[in-house]
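Read through the structure below, which is laid out as structure tokens, and then see the notes.
The values are calculated or read from the model by the stated rules, or taken from the named source; none is laboratory data. Owing to the predicted nature of the structure, the values given are computational and were not obtained by experimental measurement. All Cβ positions, even for glycine, are placed from backbone atoms using ideal geometry, and neighbour counts span all protein chains on display.
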Amino acid sequence: MSTLTKKRKVINYLANGNGITANEAKSRFGVGNLRATISSIKNQVESFGNWEITSEETATGKTRYFMVDTHPSHRTYGFSSDGSRYML
């Protein structure tokens, strides 16, 4: 099995309905520049209209990013931590 990139790990994490801040991304996945990673992810996942990257400000003033499924009733799979798909 191949090793997942940091970007792929973040995508999988967000695809499962989680939000992430820069500090969380650094501690979980070793991502040093989450803003740049999110920009790259946004270009990739929004190009086909299936996902949308959103953000909100936390109570402490940090930015938390989310990946929202634009077709949630049609999605039949999620991603495990090793990158493999599983049925919902």
Segment 42-63: number of residues that are at pLDDT 95 or above and either farther than 16 Å from residue 11 by Cβ or in contact with a helix residue (DSSP H, G or I) (Cβ under 6 Å, 6 or more places away or on another chain) (or both): 9
Which listed residue is under 25 Å from residue 85 (Cβ atoms) and modelled with pLDDT under 95, from 37, 5: 5
Can you name the residue in segment 15-27 that is in a helix (DSSP H, G or I) and either in contact with a Leu (Cβ under 8 Å, 6 or more places away or on another chain) or at pLDDT below 95 (or both) and, of all such residues, is farthest from residue 84 (Cα to Cα)? 22
I'm checking my understanding of the structure. Among residues of segment 33-67 that are among the hydrophobic types (A, V, I, L, M, F, W, C) and surrounded by fewer than 14 Cβ atoms within 10 Å (Cβ to Cβ), which one is farthest from residue 23 (Cα to Cα)? 48
